[in-house]
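Have a look at the structure below, then the notes.
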Amino acid sequence: MATLLYGLCAGAGWATFAYTLSLLRRYPAPARRALCISIGAFAVGTTLTIPSLAAGIEAGLGLPNLAKVLAHGCAMTIAASAERMLLHLTLPAAQAAARARCWVWIMAGAYLVMVALYAHTLDYEQPVRLTVEHATDPAVSAYLLILLAAGFFAYCIAIARLGWKFARIYGRPWLRRGLRITAAGAAVAVLYGTNKIIYLVAHWSGLQPTGEREIAAVLVTISALLMMTGLTMPAWGPLIPLPRCSDDLRAYRRLGPLWHDLTTALPELELDPQLRRPLVALRDLDYALTRRVAEIRDARLALRPFLDARVTQAAGALAEQAGLDGDDRLAAIEAAQLAFGLRAHRAGVTATQPQPAAAPTRPADGYAGEITWLSRVATAYHQSPVVAATLDATEHLTATDPRPQPVGGPRP
């Protein structure tokens, strides 16, 4: 089974390396260069771990464990390069380069100590393998502990933490997905190291457990495939249309309740009534979503005379009481404004304290950010208790009263 799994990883590694190398040649960048080195080291390392090839190299050169030592060097290169890539994605260039150099020197020093320990084992009368089965030998134990501490726990925990942290910040959907999958692969690599530690402790305790190689092969395969997929996903993911269609359809549906109420109140803004038929909209989802976004924005502009500054104040206070902050707070306030504007429009009552004219919130991530923002507003409009409470608190502003000025002037 180990031969099959490591062979699968090697094949996937070389194919991915060829793809990332072509990307590097066309679009050179520090993060992409680190990715290419990481994938290349993975391809070499997994090739060296194929049992038949490793045995042939060691027998031909007369150096037992050589293939394993070289593969472990590749593993440490993978970790250092993946960390370097994430640093360049998440930090300014100068700061990322400085931290990456520090980690590379630490890793290089650790690997030199491992090579020295390996050279020490070559003087033994009875050869040992650099595996947990020979963990009772001090040199083997030290070698494995350095590999696990530096090559797996330190780097993989950092990669998992950075990947998951920055996946919540980045606006590009495929980069977010890739970082999360990379973090999951790093977490599986931590499980690989934990598995090794458990078997080390077992052998130190005088036990002789079996199955470590099979478990390690499965964990390495899962971790490697996840990390390769995640690290390269920002490059090839946008070429796949299906997830984008799924995201667009989800956004189209989320905007539905808000769009329906706005276009019902302002039917002149609806450019293509045929899009109300589901099958027509699905035939050209991109066009249908674009029209829905544009019509919501147009409706907000049309409702401006009905938006009252007191509604914004009330919604802000209620949002604060509800513990909302950031984009959730702003979305609830805008949703409350639109809900009030619709009610005032139906009542034909303009605002006595008009909301100061301001450009609608426009996220920095272009059209994709616009869709994300309006989806958040639409969700708040449909579900947020802040919107309902704001309408209750401001009901008197649209009640029949001689003080508000109806649209078109006073009635006779």
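The values are calculated or read from the model by the stated rules, or taken from the named source; none is laboratory data. Treat the numbers as computed from the prediction; the structure is a model and nothing was measured. In this analysis, Cβ positions are derived from the backbone assuming ideal geometry, glycine residues included, and neighbour counts consider all displayed protein chains. Accessible surface areas use protein heavy atoms only, side chains included; no ligands, DNA or RNA. Shrake-Rupley method; radii C 1.70, N 1.55, O 1.52, S 1.80 Å.
Selection of the stretch 347-392 for residues being open to solvent by 70 Å² or more (accessible area, probe 1.4 Å), under 27 Å from L289 (Cβ atoms) and modelled with pLDDT of 80 or more yields T372, R376, H382, Q383. When the stretch 50-88 is filtered for residues that are farther than 19 Å from M107 by Cβ and touching a residue at least 60 places away in the same chain (Cβ under 8 Å), the ones remaining, listed by number, are P64, N65. Considered as a group, the residues in the stretch 220-235 that are more than 14 Å from A187 (Cα to Cα) and aliphatic (A, V, I, L, M) include one that is most open to solvent (accessible area, probe 1.4 Å), and that residue is A235. The criterion of being surrounded by fewer than 16 Cβ atoms within 10 Å (Cβ to Cβ) and modelled with pLDDT under 85 does not hold for L89. Condition check for R177 on (1) assigned to a helix (DSSP H, G or I); (2) open to solvent by less than 40 Å² (accessible area, probe 1.4 Å): one failure, at (2). Within the stretch 312-332, the set of residues being open to solvent by 10 Å² or more (accessible area, probe 1.4 Å), free of Cβ contacts under 8 Å to residues at least 24 places away in the same chain and in a helix (DSSP H, G or I) comprises Q313, A317, E320, Q321, G326, R329. Exactly one residue out of L122, L144, L148 is open to solvent by 30 Å² or more (accessible area, probe 1.4 Å) and either more than 30 Å from A29 (Cα to Cα) or among the hydrophobic types (A, V, I, L, M, F, W, C) (or both): that is L122.
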